[in-house]
Structures are given as structure tokens and as C-alpha cells.
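For reference, the structure is listed below as C-alpha cells.
The values are calculated or read from the model by the stated rules, or taken from the named source; none is laboratory data. Because the structure is predicted, anything quoted here is derived from the model rather than measured. In this analysis, Cβ positions are derived from the backbone assuming ideal geometry, glycine residues included, and neighbour counts consider all displayed protein chains.
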Amino acid sequence: MDKAKPPESDKSAALRERHALNPRPDAVTDPVFRAGTPFFDAEDLVQVKYEMVRRVEADGLPVNHAAAAFGFSRPSFYKAQEALHASGLPGLLPQKPGPRRAHKLTPEVVEFLAQTLNDEPGLSAGELVRRVQSRFGLSVHPRTIERGLARQRKKGRPAQAEGSGPTPG
């Protein structure tokens, strides 16, 4: 007979949605989390990190003991401590996964795109994708190219030259 997985609580679902569900709650062996009190929840990653840092700073627990008791490495402890001191509790919230910026569109790639559009204004994003792949060996999505070019226009550097040459005076 298969062991049925218990249904996820509303709190666990909310933590998962915000990427704040501790992936290893069983690794938390600190007594306050194991006592079964409803306040201390080993699934709440922010609470676990906060309590780990608090136990070192307020209770004098050695870093290696605290890290082990809360299911983290020493470098993870120091990272949590730094985040807490720099930003308070919000610093302990996990960051959104994925790239933070257009990391594939280097200035060289954007310059290539701008020059290509200057030479051939009617090119589609799909054709630009093919040319970037051919020239740089990069696989980029057409929307990434559209966003990168839009950022350039927003910065006041047109991706497509409009009326090149000297302006009549």
C-alpha cells in the first residue's frame, strides 16, 4: 500500500509560493523547533535563518553549532547574518530565482543589434535572433532582443538610426 503524502497546509503553500519554504525542515534540530510549539516552524525559512542568527548573537551559541542545528553551513550562516544586518528581516527573504538582468545582451551584442537594425531597419526579432546565434553563438529569445533594444531607446541611444547624417541648420 502506498504511503499517502499529507496535504500541504495553507501556510506551507504560501511559503512555497514565495520561495520561503525550507527545503530541509528535517535538518533543523534546534530544541525550540523540535519542541512542537506552534510558533516555531522549521518549514519557515526566514524564521529559521533569523533564529539561527539570533542564537549566535543573543545567546552566544558558536557559529558552527548554530549552523548545524539549523541545517545550514557556516558560509550560509554568515550570508544570512550579513543580509539581516544590511536589510533587516526582508534581507532573509529568498531572492526571486533566475537572472537579474539581460546577462546575454552584452554591450557588444547590443551594439551589433543596433548596427544591424541601422543597416536593415525592417528586420524582425526572429531574424535578429538568428544573426546573434550565428555571430556570437548565443541562444536568445526574440523578446529578450526586443527588451534590450527598448532599453537602449529609453536611455536615449536609438537602436535604429533615424535620419542619420548632419541636421540642416
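Quick check: anything in the range 69-78 surrounded by 14 or more Cβ atoms within 10 Å (Cβ to Cβ) and modelled with pLDDT under 90?
No, the range 69-78 has no match at all.
Do any helices (runs of 4 or more DSSP H) entirely within the range 28-145 hold 2 or more residues that are closer than 25 Å to E17 by Cβ, and if so, which?
45-57, 74-87
Could you tell me whether any residue of the range 44-58 is within 27 Å of the chain's Cα centre (by Cα) and over 19 Å from G91 (Cβ atoms)?
No, every residue in the range 44-58 fails to be within 27 Å of the chain's Cα centre (by Cα) and over 19 Å from G91 (Cβ atoms).
Would you mind stating whether T29 is farther than 19 Å from Q95 by Cα, modelled with pLDDT of 95 or more and polar (S, T, N, Q)?
Spelling it out, T29 is indeed farther than 19 Å from Q95 by Cα, modelled with pLDDT of 95 or more and polar (S, T, N, Q).
Conditions: (1) buried (at least 19 other Cβ atoms within 10 Å of the Cβ); (2) modelled with pLDDT of 95 or more. L15 meets all but one. Number of the miss?
Here L15 meets the rest and fails (2).
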